[in-house]
Every structure is written in structure tokens, then in C-alpha cells.
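Participant: Attaching a single structure in C-alpha cells format; questions to follow.
The values are calculated or read from the model by the stated rules, or taken from the named source; none is laboratory data. Predicted model only: the values in this text are computed from it and were never measured. Cβ coordinates were reconstructed from backbone atoms using ideal geometry, including for glycine residues, and neighbour counts include every protein chain displayed.
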Amino acid sequence: MARQDKATAVDMLTEEFRGSNAALLTEYRGLTVAQLKQLRRSLGDRANYIVVKNTLTKIAAERAGVEGLNELLAGPSAIAFVKGDPVDAAKGLRDFAKEHPLLVIKGGYMDGVILTAAEIGKIADLESREVLLSRLAGAMKASLTQAAGLFQAPLAQTARLLGALEAKLGAEAPVAEEAPVAEEAPVAEAESTETESETEAVAPVAEASTDEPASDAPASDE
């Protein structure tokens, strides 16, 4: 490979490492070109499966700040650079390896951590992001439905109680009208009459006191 081609390859691999969520390393010894194409299709559009040169890949990984891959870069190597859900890519590699034992999953790199082949297998056993979101949405919908039922039940009971209370108050309304409010008026009249009589009793005393100076006036003239 010419020097310029090597530089171009290193730049390309560096960008793949930097722009990927995960890098899953495999050994493809013995796979045909047709089988490699089939593998790429099984990984989907969010994973880029590239046959690499180990020496150039080590340089690119170092430039991208990826450490710990040197031991995995041995023999014929190809890397699945994953830009989507790592679970989907791990499932694709695992399922393809079951049908084509010549594909060997060696390990990988994700979120700053080196993965073993066994750990990639565990990732493949997980539910994909889409499935988890679908299940979460279903659980939330069921919870909201249950909550709506709980809210509606008390409201219906409250409506029935209010209706019964209204009917009861309507039946008891005539009893409230029998209260003898008008009979309290004589009490007020008696009080007013008593007050007037007291006023009349006091009035003559006042008149008598005003008459005394009038009777004394002729006596002083004599």
C-alpha cells in the first residue's frame, strides 16, 4: 500500500473510531466475498463493517484515544463500527456467527471500556432500544389507563352522593318552613310598650320639677 493510501486509511479509521458508539472486532478468515456482503446487510445501516490492516488500525485507535485494542488486532481483522444501537449490531454478529462459524467475535470497545467476546454475547442478549422504548410506552399507557379508572371511580361516587344529598335536602325543606319566626314579634312589642311606660313614669317627675320654680315666684314678690 502506498504511503498516501496508508495515510488516507488511517484518517478514515480514526474518524470511524471517533464517530462510533462501539467498535466490535472480528476475525473473518475463510469467509467469501458474498458472505461478507451478507454480513454487512445483517448489521443494518447503522453499522459499518470494514476489513482493516492491524498496523494502521493501531495507529488510528491511538489517535482517537482508544486504548486496549492492540491485543485484539491479530490475524485477519474486520471491525463493525456501530453508530446506532450496539445491541442490534451485537445480535447481527452473533446470529451470523451461529450460521457461519468461520466468523469469530474477538472483542470490542464501547464507552471507553474494552469488551470481551463473552461480554458482546451478553449485549446481544439484551433487548434493543426500540423494543425497550416500546415496552416502556406500553407500561406507561397501562399505568395511565389504571390511573384514569381510579380517578373516575371516586368522581362517579361523589356525583351519586351529591344527588342523594340534594334529594334529602329537598325532602327536608318544608320542616324548615314550620319554624314560628312570626311569634317573636309580640315579644318585641312588649319590650317597646314596657319602655314607653317607663318613659311615661319618668316624664311626670320632670314636669313636677319644672313647676316648682313657677310656684316660688309669687312668694318672692310678697
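Participant: What number goes with the only condition from (1) under 17 Å from LEU13 (Cα atoms); (2) under 35 Å from the mean Cα position of the chain (by Cα) that ALA74 does not pass?
Facilitator: Going through the list (1) under 17 Å from LEU13 (Cα atoms); (2) under 35 Å from the mean Cα position of the chain (by Cα), ALA74 breaks only (2).
Participant: Looking at LYS83, LYS37, LYS91 in this structure, which one is buried (at least 16 other Cβ atoms within 10 Å of the Cβ) and assigned by TED's automatic domain parsing to the domain that holds GLY112? Can you show your working first?
Facilitator: Numbers: LYS83 fails: buried (at least 16 other Cβ atoms within 10 Å of the Cβ); LYS37 fails: buried (at least 16 other Cβ atoms within 10 Å of the Cβ).
Going through LYS83, LYS37, LYS91 in turn, just one is buried (at least 16 other Cβ atoms within 10 Å of the Cβ) and assigned by TED's automatic domain parsing to the domain that holds GLY112: LYS91.
Participant: Cβ-Cβ distance below 8 Å, separation of 6 or more or different chains: which pairs start in region 97-125 with a residue that is within 12 Å of VAL87 (Cβ to Cβ) and end on one that is surrounded by 15 or more Cβ atoms within 10 Å (Cβ to Cβ) and among the polar types (S, T, N, Q)?
Facilitator: Note: pairs meeting the criteria are MET110/ASN21.
Participant: Criterion first (touching a strand residue (DSSP E or B) at 6+ places or on another chain (Cβ under 7 Å), more than 20 Å from ILE123 (Cα to Cα) and at pLDDT below 95) does GLY30 satisfy it?
Facilitator: no
Participant: Take the residues in region 17-34 that are out of contact with any Leu (no Cβ under 9 Å at 6 or more places or on another chain) and surrounded by fewer than 20 Cβ atoms within 10 Å (Cβ to Cβ); name whichever of them is nearest to GLU67 (Cα to Cα).
Facilitator: Here the answer is ARG18.
Participant: Do the conditions hold for THR26, that is, is it in the same structural domain as VAL113 (by TED's automatic domain parsing) and under 11 Å from ALA80 (Cα atoms)?
Facilitator: Yes: the conditions hold for THR26.
Participant: Out of ALA89, ALA60, ALA78, report the one residue that is closer than 27 Å to LEU126 by Cβ and modelled with pLDDT of 95 or more.
Facilitator: Of ALA89, ALA60, ALA78, the one residue that is closer than 27 Å to LEU126 by Cβ and modelled with pLDDT of 95 or more is ALA78.
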